[in-house]
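The values are calculated or read from the model by the stated rules, or taken from the named source; none is laboratory data. From a predicted model like this one, the values you see are computed outputs, not experimental measurements. Heads up, the Cβs are rebuilt from the backbone with ideal geometry, glycines too, and the neighbour counts pull from every protein chain shown.
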Amino acid sequence: MTKVLVTGGAGFIGSHLCEALIQQGFSVVAIDDLSTGRQENIQCLRSSPAFQFVRETILNPQVLDRLCSEADLVIHLAAAVGVKLIVEDPVFTINTNIKGTEAVLNTANRYGCKVLIASSSEVYGKSEKVPFHEDDDCLMGPTSHSRWAYATSKAVDEFLGLAYYRQFGLPVVIMRFFNTIGPRQTGQYGMVVPRLIRQALRGEPLEVYGDGEQTRCFADVCDTVNAIIGLAQHPQAVGQVFNVGSTEEVSINELAHLIIRLTNSRSEIRHIPYDEAYAPGFEDMRRRVPSIEKIQSLIGYRAQRTLRESLMTVIKYEKARLGTG
Ligand SMILES: NC(=O)c1ccc[n+]([C@@H]2O[C@H](COP(=O)([O-])OP(=O)(O)OC[C@H]3O[C@@H](n4cnc5c(N)ncnc54)[C@H](O)[C@@H]3O)[C@@H](O)[C@H]2O)c1
């Protein structure tokens, strides 16, 4: 039985991944310091003999060494995530994302474990190209804006992962996730979908940042998890970078209207300037659309759920949490 170590396993994507891996017969160890993750995300797995949870930071070298020594595969998702958190706590972001990935690669290299690294569409920066291909240029904003610390930290993670592959032959795969949504994602750190859904369910105004005409593509977490497992199992994915996302593009205004309709809410939409929502001088991208040709041709990846279907799963989950479902 393949033993998989999932860093950030009690987080949003991590907990869904652990569940799918267990269902497919893998043995899973999740390490998470619960900085943004939650125990309740993995509650349903605690009784499974194939699942083990370690509450610890990946920056603890002894624990990481023991866990890597027992693993065949490491799926590295632990990171400081969410635009709000990044703007408010840039030191934590840089430390967690760069030192954490360095620790994972260095330790996995000791035991020759394959490593999948979660990167982000943020690495494309402010490039206006549509769609983004994996080898396109990245256009980073100035270092005076904390927002770019996250993008840069993920770019460094990619460089480091590819360097371990080229220099030491460590099997490394880079997954560049675009916006992913689903139950258990927290709105607390600036994630737009859970935040707008909670506002709609509470009858509060839906706060749309900027003019709301910026567009995004939201992938369902089940599709993202299938992509991760597909890439983990494909030998030709090694040493490569893959976009993982949906190509169904929607403006944030359209998203807010759709959420109001699907929740039967009486809420209005309120536009909040970026400066007020984040920090003065905050920069955002107008569009962010992935090219998914590469992952499609290697593992046959295709989104199974539409945006509307994904939103319904999140609405159901949020209703249950608010006690209104
Ligand atoms: N959700 C998205 O839309 C999206 C988009 C692009 C990239 N990503 C990447 O996917 C990965 C997972 O993101 P997510 O959306 O599930 O966020 P998340 O915040 O739910 O998951 C991250 C997990 O890492 C844990 N963590 C943070 N620092 C840690 C440390 N030092 N040691 C151990 N655990 C630690 C957190 O507690 C959390 O459970 C991240 O690397 C993120 O950058 C996510």
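For region 1-57, a residue qualifies if it is near the ligand (Cβ under 8 Å from one of its atoms), in a loop (DSSP other than H, G, I, E, B) and among the charged types (D, E, K, R), and the qualifying residues are Asp33, Arg38, Glu56.
Set side by side, the residues Val172, Val208, Val192 differ, and just one is touching a residue at least 40 places away in the same chain (Cβ under 8 Å) and within 14 Å of the ligand (Cβ to nearest atom), which is Val192. Residues in region 289-322 that are modelled with pLDDT under 95 and under 30 Å from Gln236 (Cα atoms): Arg302, Ala303, Gln304.
Evaluate the following for Glu158: is it within 13 Å of the ligand (Cβ to nearest atom), buried (at least 16 other Cβ atoms within 10 Å of the Cβ), of a type in the set (Asp, Glu) and at pLDDT below 95? Here the answer is no, as Glu158 does not meet what is asked.
Considering every residue within region 228-244, establish whether at least one is farther than 30 Å from Glu158 by Cα and assigned to a helix (DSSP H, G or I). There is no residue in region 228-244 that is farther than 30 Å from Glu158 by Cα and assigned to a helix (DSSP H, G or I).
In this structure, Glu207 qualifies as among the acidic types (Asp, Glu), part of a strand (DSSP E or B) and modelled with pLDDT of 95 or more. Any idea which residue in region 66-93 is nearest to the ligand (Cβ to nearest atom), counting only those that are modelled with pLDDT of 95 or more and surrounded by fewer than 15 Cβ atoms within 10 Å (Cβ to Cβ)? Step by step, filter region 66-93, then rank; the result is Arg66.
Residues that are among the small types (Gly, Ala, Ser), surrounded by 15 or more Cβ atoms within 10 Å (Cβ to Cβ) and in contact with an Asp or Glu (Cβ under 6 Å, 6 or more places away or on another chain) are absent from region 277-291.
Considered as a group, the residues in region 105-123 that are within 10 Å of the ligand (Cβ to nearest atom) and in contact with a helix residue (DSSP H, G or I) (Cβ under 7 Å, 6 or more places away or on another chain) include one that is nearest to Asn60 (Cα to Cα), and that residue is Ile117.
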